[in-house]
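J.: Structure in structure tokens, see below.
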């Protein structure tokens, strides 16, 4: 399935309406159907409207897009150019804006040439409020020269962390964006991202904005997402246990390899789940079709590599499940941020094992990056491993890594709900390191655990390791327990992995201090392995209980029909919150329907009668 163009013909472009100036609050209600700003939005909108260069770091789901869409709507006869690396995101946003009678278009490689040409001409003629364009297309000389004649008021760079060469998601095509300063000397610039540490923020300001830029950092907390991390044992069984009770929910399952994606999708399909795969090894047509199905339908599970994700704007994703450890804390934060964008309860579950650490270390070393970049990537991975093995509130640890202190425990992570027992880990660590040193730092975790537990394997006998003083010195834990200890020691920087030696363990400088008892450490007490992931059934929707279930189902069916008629994702018509409010309040007139959250004037005019008919029909049936 090819990517759907956002414009069917040049004549399909709506002229930007000429109207008396209105306030941001008036436009917020009239166009977008919102009665009030979300936290942080008003301040950013004010800075953008004032023409200040602006950087806004806002958590996923906080409403970043509105912060530049609203100023474009309020300002008459001016153009906002939005630079985005994602075709699907551009198309979804343009379709949503056009449903609200906002003159918007996109230019990208997924559209026919005449569609792009129509958008280009409309932008130059001053007929658009927003033009979405990929960075590589915008920087073409012909495009840049032409748009320089357009009434460009501002340049917006979405996913701005991609400009940082030291970031986890660097895009080379973003390096040319500073050229836009010369092409549009009178335009203001705004950059938006959900994921940027201090170093990345500094680089965005330095490269793209300027020293006088307004910088807003509104926090990274997503309190509605439950954080869970558990030891990896049998990933497919653990995934199925997690999904028990979640049929009908939309979610994302991230796997490290394309092969694992395909196998996992088939396994879920065999169990009756609506699961579809997504990875770079598939054709563009199949990827586009699967992404469109995920965005449009409810209850779809997308099984994917990291090729899927950036810019995903589906609000009702109820879970993100990692079968493997992500590459960094920043990547983890961005990937789990695709859950619960509607503000309702969601769950992020990650499986974590020693092989993951070894694989990620090797990826970094074989990346071809410069030594400084590899060092930073190792440090970012270390931060994630620290989160995996923390014995404190996971949310506090996660936010601290982004420089956001939190005094209280969150109560919504596995550590808070099931606090681990902590023990003195100095002696267990000494036993492990003694076995490592006595075998010449040549073996991985499995063999070292066999030594301390006294397992008489063929490898033990071949090397004569049953005669070592450390053979069988660890009866206090079973093998799973010792593996947990080793994993924690790696995460704490007590042990290191020799990637050239196929994952052989070796003590670090800190480890040698522990070995000499010059430093004492605490570790999480190993527990028996649990195959079933806790929290198999998510908490009930806090507002759905107030809604008429049968009516809500009919409203969702109507929404899906309208979405297919307009070739847009279902949530672009109305999000779940709007439908739940309709089903709970039972509005009986167009005026009353217009007071529902998310029902703006344009959507009310286009779809109001159809939704009202369902509402009134249901009310009549009840009578």
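A short reminder: the numbers here are calculations on the coordinates, not readings from a lab. As the structure is a computational prediction, the values presented were derived from the model and not from experiment. With ideal geometry, Cβ positions are generated from the backbone for all residues, glycine too; neighbour counts draw on all protein chains shown.
J.: Taking the Cα-to-Cβ direction at residue 207 and at residue 244 and moving 7 Å from each Cα, how far apart do the two end points lie in nm?
T.: About 4.7 nm separates the two model spin labels.
J.: Over region 95-222, calculate the relative contact order: mean separation of alpha carbon pairs under 8 Å at least 6 apart, over the residue count, as a percent.
T.: Relative contact order comes out at 20 percent.
J.: Can you tell me the FRET efficiency between residue 199 and residue 270 if r is taken as the Cβ-Cβ distance and R0 is 56 Å, rounded to the nearest 0.05?
T.: Efficiency at R0 = 56 Å is approximately 0.80.
J.: Given C-alpha coordinates of region 170-216, what is the ratio Rg to Rh with the Kirkwood estimate of Rh?
T.: Checking Rg against Rh, the ratio lands at 0.94.
J.: Taking only Cα atoms, what is the 0 to 90° angle, nearest 10, from helix 198-208's long axis to the longest principal axis of the chain?
T.: Once rounded, the angle reads 40 degrees.
J.: Please give the residues of region 138-159, grouped as numeric ranges, whose backbone N is less than 18 Å from a label point set 7 Å along the Cα-to-Cβ vector of residue 173.
T.: 138-145, 147, 156-159
J.: Let me ask something else. Jot down the radius of gyration and Dmax of region 297-351, Cα atoms only, both in angstrom.
T.: 10.7, 31
J.: Per residue, how big is the convex hull around the C-alpha atoms of region 225-417? Give it to me in cubic angstrom, could you?
T.: Expressed per residue, the convex hull around the Cα atoms of region 225-417 is 127 Å³.
J.: Something else now. What is the packing order of peptides 137-150, 98-111, taking the mean over residues of other C-beta atoms within 10 Å and listing the highest first?
T.: 98-111, 137-150
J.: Turning to a different aspect of this structure: Going highest first, how would you order 64-77, 415-428, 598-611 by mean Cβ packing within 10 Å?
T.: Put in order of decreasing packing, that is 64-77, 598-611, 415-428.
J.: Could you work out the Kirkwood radius for region 10-217, taking every pair of different alpha carbons, averaging 1/r and inverting it, reported in Å?
T.: Kirkwood radius, region 10-217: 17.0 Å.
J.: Okay, moving on. Add -39500 (n - 2.57) for each DSSP H run of 4 or more in the chain, then divide by its residues: what number comes out at 222 nm, to the nearest 500 deg cm²/dmol?
T.: Computed mean residue ellipticity for the chain: -13000 deg cm²/dmol.
J.: Which of 525, 564 comes first, and how do the rest follow, when ranked by fewest Cβ neighbours within 10 Å?
T.: 564, 525
J.: Given contacts defined as C-alpha pairs under 8 Å and at least six residues apart, what's the relative contact order of region 422-524, whole-number percent?
T.: In percent, rounded to a whole number, it is 38.
J.: Testing the spin-label approximation: label points 7 Å from Cα along Cα→Cβ at residue 284 and residue 141. State their distance in nm.
T.: 2.5
J.: Taking R0 as 51 Å, what FRET efficiency do you get between residue 509 and residue 553 from their Cβ-Cβ distance, rounded to the nearest 0.05?
T.: With R0 = 51 Å, the Cβ-Cβ based efficiency is 0.25.
J.: Hey, another quick one. Viscosity 1.002 mPa s, temperature 20 °C: give me the Stokes-Einstein translational D for region 154-246 in µm²/s, with Rh taken as the Kirkwood radius over C-alpha pairs.
T.: My calculation gives 133 µm²/s for D.
J.: By DSSP, what percent of the beta bridges with both residues in the chain are antiparallel, rounded to the nearest 5?
T.: Once the DSSP bridges in the chain are tallied, antiparallel ones form about 10 percent.
J.: Right, next: Would you kindly state how much longer the chain becomes between residue 373 and residue 617 on full extension, computed as 0.36 nm times their sequence separation minus their alpha carbon distance, in nm to one decimal?
T.: Full extension of this stretch gives 81.6 nm more.
J.: Calculate how steeply helix 64-74 sits against the longest principal axis of the alpha-carbon atoms of the chain, using the helix alpha-carbon long axis, and give the answer as 0 to 90 degrees to the nearest 10.
T.: Tilt of helix 64-74: around 10 degrees.
J.: Shifting gears a bit: Expressed as a rounded percentage, what relative contact order does the chain have, with Cα pairs under 8 Å and six or more residues apart?
T.: Reported relative contact order: 15 percent.
J.: Where the centroid of each part is defined by its Cα atoms, how far is region 178-226 from region 382-451 in Å?
T.: When both Cα centres are located, 34 Å separates them.
J.: Separate question: I need two numbers for region 422-524: Rg to one decimal and Dmax as a whole number, Cα atoms only, in Å.
T.: Spelled out, the Cα radius of gyration and Dmax of region 422-524 are 12.5, 37 Å.
J.: Angle between the Cα long axis of helix 258-270 and the longest principal axis of the chain, 0 to 90 degrees, nearest 10?
T.: Result, in degrees: 80.
J.: Set the Förster distance to 56 Å, then compute FRET efficiency between residue 363 and residue 610 from the Cβ-Cβ distance, nearest 0.05.
T.: That pair, residue 363 with residue 610, gives E of 0.65.
J.: Which of 344, 26, 263, 231 has the fewest other C-beta atoms within 10 Å, and how do the rest follow up to the most?
T.: By the 10 Å Cβ count, ascending: 26, 263, 231, 344.
J.: Here's something else I'd like to know. Any chance you could tell me what percent of the C-alpha pair distances in the chain go past 43 Å?
T.: Value for the chain: 28 percent of Cα pairs lie more than 43 Å apart.
J.: I've got another one for you. Multiply the residue separation of residue 125 and residue 149 by 0.36 nm, subtract the distance between their alpha-carbon atoms, and state the gained length in nm to one decimal.
T.: 7.8 nm is the gain from fully extending residue 125 to residue 149.
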